[in-house]
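First the structure, then my questions, so here it is.
The values are calculated or read from the model by the stated rules, or taken from the named source; none is laboratory data. Worth saying up front: this structure is predicted, and the values here are computed from it rather than measured. Reconstructed Cβ throughout: ideal geometry from the backbone, glycine too, with neighbour counts over all protein chains shown. Protein only, heavy atoms only, side chains kept; ligands, DNA and RNA dropped before computing areas. Shrake-Rupley method; radii C 1.70, N 1.55, O 1.52, S 1.80 Å.
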Amino acid sequence: MNVTDFVELPGYSYDHTRACVDSISDFVKSVREGITPLVTGRDAAETVKVCEAAILSYRTGRPVKMSDMD
């Protein structure tokens, strides 16, 4: 899946800039201080999987089981 695969939702607009800046800042802080970031790589991977399932469900008009997304 790539960026061009994402679905445009009419009337919905969200600027991801702030979320990205905050996430990167937290990651840098966690590396510098040797602590776990607020969002781990595992958390981010799960988020991507949920988003891909939502897109697939939208496109097919059917529910998608998360267990089928591995």
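Give all pairs with beta carbons closer than 6 Å in which a residue from region 24-52 that is of a type in the set (A, V, I, L, M, F, W, C) meets a residue that is open to solvent by less than 80 Å² (accessible area, probe 1.4 Å) and in a loop (DSSP other than H, G, I, E, B); count only pairs at least 6 apart in sequence or on separate chains.
Partner pairs satisfying both residue conditions: Phe27/Pro37.
Separate question: Give me the residue from region 2-30 that is small (Gly, Ala, Ser) and at pLDDT 85 or above and, out of that set, surrounded by the fewest Cβ atoms within 10 Å (Cβ to Cβ).
The selected residue is Ser25.
Please state which one of Glu52, Glu33 is surrounded by 11 or more Cβ atoms within 10 Å (Cβ to Cβ) and of a type outside the set (Ser, Thr, Tyr). Lay out the reasoning, then the answer.
Values: Glu33 fails: surrounded by 11 or more Cβ atoms within 10 Å (Cβ to Cβ).
The unique qualifying residue is Glu52.
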